[in-house]
1. Within the group 36, 60, which residue is under 22 Å from the mean Cα position of the chain (by Cα) and touching a residue at least 12 places away in the same chain (Cβ under 8 Å)?
2. Given the criterion touching a strand residue (DSSP E or B) at 6+ places or on another chain (Cβ under 7 Å), assigned to a helix (DSSP H, G or I) and either modelled with pLDDT of 95 or more or surrounded by fewer than 18 Cβ atoms within 10 Å (Cβ to Cβ) (or both), identify the matching residue among 426, 483.
3. May I ask you to verify whether residue 447 is surrounded by fewer than 18 Cβ atoms within 10 Å (Cβ to Cβ) and either closer than 22 Å to residue 95 by Cα or over 22 Å from the mean Cα position of the chain (by Cα) (or both)?
4. Please go through segment 151-171 and pick out each residue that is within 24 Å of residue 269 (Cα to Cα), assigned to a helix (DSSP H, G or I) and touching a helix residue (DSSP H, G or I) at 6+ places or on another chain (Cβ under 8 Å).
5. Please verify whether segment 331-346 includes one or more residues that are farther than 29 Å from residue 271 by Cα, surrounded by fewer than 21 Cβ atoms within 10 Å (Cβ to Cβ), touching a helix residue (DSSP H, G or I) at 6+ places or on another chain (Cβ under 6 Å) and touching a residue at least 40 places away in the same chain (Cβ under 8 Å).
6. Would a scan of segment 355-366 turn up a residue that is in a loop (DSSP other than H, G, I, E, B), in contact with a strand residue (DSSP E or B) (Cβ under 9 Å, 6 or more places away or on another chain) and free of Cβ contacts under 8 Å to residues at least 60 places away in the same chain?
7. Within segment 456-473, can you find the residues that are surrounded by fewer than 18 Cβ atoms within 10 Å (Cβ to Cβ) and either under 21 Å from residue 427 (Cβ atoms) or touching a strand residue (DSSP E or B) at 6+ places or on another chain (Cβ under 6 Å) (or both)?
8. If you scan segment 217-249, which residues turn out to be surrounded by 21 or more Cβ atoms within 10 Å (Cβ to Cβ) and more than 22 Å from residue 315 (Cβ to Cβ)?
């Protein structure tokens, strides 16, 4: 079945409080998708943001981002009586430093005022989410040590998870631990309410799951056997990619690599638990860096760049045999961008998962380029661009005259069309079963609205937000018409 959707992270919604939330603007966006003939809402990882405010460097692969909790909904539920937000000075951008400071203070006040109000629901939540106790203890200890990295914790016993140390900190930090559990309860209550609303409207939530987890995370702390760590539980080898179009030094991500030999001996228990949890949170799951399951780039942890890493064989079919057997209903999209060799292609064919095509990668002059629309197959998800790319208008502004001429020719761009309009129309009319359009391209925005620049920290990364009034009935009607003409309704 042909379908379409929009890529817009929740932080980019024009909610009150300086950042997008799971509140009324999220519900309004679901209505907009429905009215526009779209059936999919794709978001970036919803886990707590970590280093550089990136959702791809989180302290937990299972937890939700507290910054996305909507406070007005808590008032409606009677959990709190009121709250106040400072006025947004720059509504088109997230000021993470300010948002984190203010929202953390507000959530801690809400926790203190809410003690005893949701005891039964809270106990049920804890029983249903086995990961939350380790996450809460990790977060409480991390806060106790001034939020420094796990690898720098001054108490070696708790860093190494000695039994007596765990008991000690569970007692010492009991109130803080309960706070972190409570916040996760609030987040997932709001998340699943939104998911229920979206599903009733015929909208599937399409989530993104990074293949790797952060070094400074509850996942590494609680599951050291799963990762390539030394006897001091520090990473020996880390993830990244070799030098490429984005970076001459390659990308040194810093995430600890998996110990696939151990994981295979445990029948991939930790990974299956992770995928099962993601399958409950999302209707469709994009597995980021899928090529890492076929072959992964291993960089010595001591190296400062990714230049001297080596490709290693991944778990391949052995892993996905268990996934397909244990989680047959899981709907996965493989992010198969990058060094796609025959091993990757064979694994993708074995799994049957749709891969990805990115239209902005197509204008190389190579008639066999797999991102050219005439080379697509049905079992793919096509994008004009991803969160790591320039917007379509940004690409066109920085392209050479020869690239622009080729792109206009490939797209059969009309004189009355903007470049982003031609890109969106071409992607929608492609043979690919699914088409996802970034909201920035639907609006025809310049590169100042892009979501992320790979291999950089700070700047515009992860900050872009919609402004009130940018989503209109006229825009909805335009998208509905495009869906009808492309046979995606």
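1. Working: 36 fails: under 22 Å from the mean Cα position of the chain (by Cα).
On inspection, the qualifying residue turns out to be 60.
2. Working: 426 fails: touching a strand residue (DSSP E or B) at 6+ places or on another chain (Cβ under 7 Å).
Step by step, each of 426, 483 is checked, and only 483 is touching a strand residue (DSSP E or B) at 6+ places or on another chain (Cβ under 7 Å), assigned to a helix (DSSP H, G or I) and either modelled with pLDDT of 95 or more or surrounded by fewer than 18 Cβ atoms within 10 Å (Cβ to Cβ) (or both).
3. Numbers: surrounded by fewer than 18 Cβ atoms within 10 Å (Cβ to Cβ): no; either closer than 22 Å to residue 95 by Cα or over 22 Å from the mean Cα position of the chain (by Cα) (or both): yes.
Taking the combined requirement at face value, the residue does not satisfy it.
4. Residues of segment 151-171 within 24 Å of residue 269 (Cα to Cα): 159-163, 166.
Within this subset, residues satisfying the condition of being assigned to a helix (DSSP H, G or I) are 159, 163, 166.
Result: 159, 166.
5. Step one: filter segment 331-346 for residues farther than 29 Å from residue 271 by Cα, giving none.
Among the residues of segment 331-346, not one is farther than 29 Å from residue 271 by Cα, surrounded by fewer than 21 Cβ atoms within 10 Å (Cβ to Cβ), touching a helix residue (DSSP H, G or I) at 6+ places or on another chain (Cβ under 6 Å) and touching a residue at least 40 places away in the same chain (Cβ under 8 Å), which makes the answer no.
6. no
7. 470
8. Within segment 217-249, 218, 221 qualify.
The values are calculated or read from the model by the stated rules, or taken from the named source; none is laboratory data. These numbers were taken from a predicted model, which means no experiment stands behind them. Please note: Cβ atoms are built from the backbone with ideal geometry, for glycine as well, and neighbour counts cover all protein chains shown.
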